[in-house]
Every structure is written in structure tokens, then in C-alpha cells.
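Written below as C-alpha cells is the structure these notes are about.
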Amino acid sequence: MDMNQYLEVFIEESKEHLQSCNEQLLELEKNPEDINIVNEIFRSAHTLKGMSATMGYEDLAKLTHQMENVLDAIRNHKIKFNPEILDVVFLAVDDLEAMVQSIADGGDGKRDVSDVVAKLLLIEKGESPVQAVAKSEVAVAVAERIPTVKSIYDEFEMTVLQQSKEQGFETFEITVSLREDCLLKAARVFMVFEILEKIGEVIKSNPSVEQLEEEQFDHEFTVTIVSKDTKDDIQKKVMKVSEVERVDVNLLSLADLRLIDNETKEPVTSKEKVDEEKEMASNGELKNQEEKKTASSAKQSSSKTIRVNIERLDILMNLFEELVIDRGRLEQISRDLNNQELYETVERTSRITGDLQNIILNMRMVPVETVFNRFPRMVRQLARDLNKKIHLEIIGAETELDRTVIDEIGDPLVHLIRNALDHGVETPEVRKASGKSEEGTVVLKAYHSGNHVFIEIEDDGAGISREKVLAKALKSGIVTEQTAAAMTDQQVYELILASGFSTAEKISDVSGRGVGLDVVKSTIESLGGSISIDSKLGHGSVFSIQLPLTLSIISVMLTEIQQEKFAIPLSSIIETAIVKKSDILNAHNQRVIDFRGKVVPLLFLKDLFEVPVLEEEEDEFYSVVIVRKGDKMAGLVVDSFIGQLEVVLKSLGNYLTNVFAISGATILGDGQVALIVDCNALIK
């Protein structure tokens, strides 16, 4: 059977099980007496072991098996759980994650895990994992505990093997290696099978007989037979075939064999199957097995899901974007022709594509939980490294974001959380002296608001000192004294996002408050988002990130300047206004207007974008779009408003990467190209 077709599913499901292990281990640390949590971790490890063995990743299966033994001993009260054991199990999970990542990157998933296996073996014996064990001892112990079984058996094959055993036959697993320069591999396989069929009965081969006949294997294959011959006799007879380089014969007991569990479709040893049934019987569960099967099948039918590669969704999204452009074109044509039947058809098409758009966008939405779930483990480890007591609280992990945004937001969040832990939350001694509880709290919160998702990182630590930040900013020449005097607290705090800015007196291995925050800011802004900071000295800080729900289809206000069209994102617009020329004032060589009691500067897009003047305007009014970024506002002056519509954001390509205040372009219904204005860049 070709396992490559299942590789992607194996990788995804392995990551899910390992994440579940991480989360449940953190829960177990809080509730060490809760055996239900141990059972959850055991189930995840058991499933991962079965999947790994089926896929042929023996190193993964062996390590998971050893971890499973320790968990089994804990849940059966043979050993008592303690933080020392937790650390070792976490190390095992780290190794498993590294092996799965190796497989995902095209590797073989192999890794030297002898050290962690040694510790797990000692824990299982009831000894301290700190004791050292020689690698050779570990290898022998592992080999003794976990026989290498390369084939998986179904119930029919297991029945044959059991009946053969009762009739005095032994089960052998024979691995035959041909020389690398062997030319007629299929012929050598035929000769090996001819010998094996004379000395016993062939039960299974891996790869299958068909694949062996078609030479769909490298230079090694495995055959399971039942025979009354001895191990040495079998080896000698097979070695007589020319061009056979090596023959390994393993005598297997029925307890060693893995079969496919009919309920879970996971490989388990026959001994494990019997043990599980005994356990179920002792719990009075065996008699309810049929009811459980019914409930399980009902659950499966009610929640049917399918995994889809993100590349396919990207292709679907690109095709739909083209459809949106054509939809706009059709709407324009129907208005120009003024044909009622065409108008009605286009109207119906628009409704259907609108529904289709919502479905496609929802398919691409992923809960931020996929990013958030890596942080509890990270916070636990950092808190220990820093000798701090920190509780991480996660709120709104079910909030959904576009997959492309999710992929990019992970690293900035890691950096902000590391900063909060290192320089936000104080040490227990300092907190106690300040009248706070010894344990600090970091809250990671996500929520929807309009067409945006907000992610906040809040800590109850020392906060940011306005005086320190300003002193450093003045010293570095980032601001002048005149500018500094007029800055609000929030504007001062946001200075720490400037490149290379840091108020940390000592830069640690973890972070220096401000070091690298300029990268965080640029990453978030490249996603069309923004970051703001609020802080209260002695009480803590809040870093708030605003992100768009999706990146490709946006709502805009279409405007016109001379005969050029510009699109302004609705997410940046407060409102539109018609302003009399006589109401425009001058302040510090800048034209401004009084907008609801606030002084708002005017930006003439005609001048900023150097639009060629084809005809002079003589109107006494200006059309103004009021836009906002954070607490800053500006009025964008245009010739006229065309209206609101949804457009597809297209990049300007590799040749036009640094065009000022233009984030992209779109194709309108009449075939014209409209540039999309980057309001953040204009206000900045």
C-alpha cells in the first residue's frame, strides 16, 4: 500500500495530537491528581503511536510507546506524578514535534532520542530521571521492550496466525535485502517466495506482492510466514538466492503483532487489544459497546469534515476575484444599456456571487486558536527561566481570521508576549513589595469589531514610564523637545515601536523592551493593520493590534480626481463631507478645517499624486473624505464621490514596490484601473 497519499493527513493529525498533549500536560500541572487528564494524554499518545507505526516511522512509534508506558503507570497509580516527570514528558513531546516537523519538511523523521528514552525508562521503574543511563543500555532496553514489527495485520490475518500457533506453527517476519546493483529484482523476489512457500505459508508481504512483481520497492521487502522450521534454517535457505545481501528473521509472539482495531482503525498490539477489553469489562463498559458504536457512528455522520489544502483555496479565491471584476463589468454594461431583463439577470447574479463570496471567505477563516495554542507552553517555560510566576489567560480563541493573516501574525505575537513577560511583569519579590500578588497575569484576547479583528496583549506589570521613553527619544533624536511637549501619553508610548528603540537598562536573552518592536509594527502594517499602546505606570500595559478580516476583497469609496479614479478603503473612513472653500483655515503652513471641534489637516490628493490638470475647477466647495488612523485624522480632498463598492485588491507587481501612499490597484466594471489609497501612510 502506498502510504504517501496519507502523508499530509498524518502530518496534520500528528500536530493536532501533539498540541493536545501540550495543552493537557499544562492542565495536569495545575491538577496533578486528575486521572481523566492523564487518560486524555494517553489516548493522544496511543493514537499517534498507531499512526506512526502504520506509516513506517519507527523512531516516532518507539518514543511514543515509551511515553505511553509512563502515562499508563501514572493512571494506574504505579508511579506518582511530579514536576520532574512533567519536564521529561515535555522533552519527549518536543522531540516528537521535531520528528513530525522533519517529516513535514520532507525528511525521514529520525532523531537521536536515547537521552529522553533513558529518562522515561527510569521513571517507569520508579527511579529519578536525573540518573544517567548509557546509550547502549537504552538501545537494548528499547529493543527488548518494543519489537520491530514492520507489518500491520487485519483481523482475518490475525485469526490465521492464531490458528497456526495452535497447530504448532511459529510466526516469522523475514526482511530480505537485495544488493544495490541487483538488476532483476522481481526475479529474485520470485525465487525467495518459491523457497518460503516450500517451508511454510506466506501470510503477508510488505510491499504487496503486486508491487514486488512490478519492482515498486527499493532493495528491501518484508514477508510474514508461518512455519515449523527454525529461524536459522529459514535464514540459510533464503541466503542461497543469488544477489540477496542480507536476511533478518524475527520470531514473533502473538502479543507482539499489531492489528488494525476495527473501531478506531488504529494499529494496536493484540496484547493491548486484550488489555483494553479487560479494562472495559472491569468498568462495566463491555456490555454497552454496541450502544457506543451507535453513538459514535451518529456523531460521525453529524459532523462530517474534509481537509482541503490551502493552495486549492487560494486558487479558488483567485478565480472568484476574477468573477468579482466581471460582475462589476456586467453591472456597468446593464446600466449603460438600460435593458430590464439584463438588469434583473445581473441583479440575480450579483446576489448569488455575494453568497458565494461569503462561503469562500468563511472557508478560508481559521480560529486564532491555531496561533494562541502555542503560547501556554512558551509562557510556562519563560516564566521558569526568568524565575517569575505568571498566569496566561486566553480569551476569544475561537475568533476567526483569514488564513493568510493567521500565517503572518504568529511571530509578532510571540515577540510581544516575550516582552510582556521579560520587562512587563515584575519578579515575585518586586510585586510583593508593591502590594501586588506574587503571580503576574498576562491576558491574550481576540474579538471581532466591524470588519476587523482586534488582538490585545495585556499585562499587570510595571507599565511604561513616559519620562524614560521621552528622555531616550530626545537623546536618540527621534523627536524634538517642541514636538515632545505636545505629545499625548499614547503617542509617547508608541515611540517604543521606532527602530532600535529600547528603554531596557539590561538587554536579556529573552528580549529588551522595544528591541525588534519596529519589525512587529511593520509586519502588522503590511497586513493592513495597526498597533497601539496604552499603559499606566505601576499597573501594566496593553498592546492592541487591529487587523482586517481578509486581505483580498475590500469595501472602498470610489472617488474621482480630474479623470483619474482613486479608491479609499471604507475601514479608514469616518465620513464624507462637502466643505466651503471659505471655511478652510491656515495653521503652521498647513490648510486645515474645523471638523466637529477638532482641527483636521487637509491633504489634496491632486497635488500629492501629481494628477495632470485637464480642466480648472471653479466650484466653491471641496469634496472631502475624513479618514482616521488611531487618534489622528486627516481630510482627503477629491473632485467628486462616485460611490461605494467592493473591489479586488491587486498588488502593483515587482516593478512598483515603493509607490508612496498607494497599497495596490483594482480593475473597475468599465475596465479602468483605480489606485487604492493607503490612508495609514498619508496620515503618518
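Remarks
- Looking at segment 1-91, the helices (runs of 4 or more DSSP H) lying wholly inside it that each contain 2 or more residues that are under 20 Å from ARG380 (Cα atoms) sit at 7-30, 35-55.
- Test for VAL88: is it aliphatic (A, V, I, L, M) and out of contact with any Pro (no Cβ under 9 Å at 6 or more places or on another chain): no
- Residue-level check: of (1) free of Cβ contacts under 8 Å to residues at least 60 places away in the same chain; (2) part of a helix (DSSP H, G or I), LEU652 misses just (2).
- Where a residue in segment 192-210 is in the same structural domain as THR159 (by TED's automatic domain parsing) and its partner, wherever it lies, is part of a strand (DSSP E or B) and at pLDDT below 85, with Cβ under 7 Å and at least six apart: LYS204/TYR153
- Residue within segment 442-449 that is farther than 15 Å from ILE545 by Cα, charged (D, E, K, R) and surrounded by fewer than 21 Cβ atoms within 10 Å (Cβ to Cβ) present: no
- Annotation note: of SER623, SER541, SER552, SER535, the sole residue that is at pLDDT below 85 and crowded, with 18+ Cβ neighbours inside 10 Å is SER552.
Okay, residues lined up against (1) assigned to a helix (DSSP H, G or I); (2) surrounded by fewer than 18 Cβ atoms within 10 Å (Cβ to Cβ):
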{"residue": "GLY168", "(1), (2)": "no, yes"}
{"residue": "LYS198", "(1), (2)": "yes, yes"}
{"residue": "PHE221", "(1), (2)": "no, no"}
{"residue": "VAL238", "(1), (2)": "yes, no"}
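- Failed item, numbered, when PRO612 is tested on (1) closer than 16 Å to LEU682 by Cβ; (2) touching a strand residue (DSSP E or B) at 6+ places or on another chain (Cβ under 9 Å); (3) outside any strand (DSSP E or B): (1)
- Long-range neighbours under 7 Å by Cβ, at least six apart or interchain, first residue farther than 30 Å from ARG312 by Cβ within segment 382-406, second charged (D, E, K, R): LEU382/ARG418; ALA383/LYS389; LEU386/ASP422; LYS389/GLU438; LYS389/GLU439; ILE390/GLU439; HIS391/GLU439; ILE395/LYS445
- Residue pairs whose Cβ atoms lie under 9 Å apart, separated by 6 or more positions or on different chains, with the first residue in segment 24-44 and touching a residue at least 60 places away in the same chain (Cβ under 8 Å) and the second exposed (fewer than 15 other Cβ atoms within 10 Å of the Cβ), are GLU29/PRO83.
- Subset of segment 509-532 that is at pLDDT below 60 and surrounded by 14 or more Cβ atoms within 10 Å (Cβ to Cβ) - its residue that is farthest from SER476 (Cα to Cα): SER511
- Residue match in segment 475-487 (condition: hydrophobic (A, V, I, L, M, F, W, C) and either within 25 Å of ILE390 (Cβ to Cβ) or within 34 Å of the chain's Cα centre (by Cα) (or both)): no
The values are calculated or read from the model by the stated rules, or taken from the named source; none is laboratory data. The shown structure was predicted, so the numbers you read here are calculated from the model rather than taken from an experiment. Every residue, glycine as well, gets a Cβ built from its backbone with ideal geometry; the counts of neighbours run over all protein chains shown.
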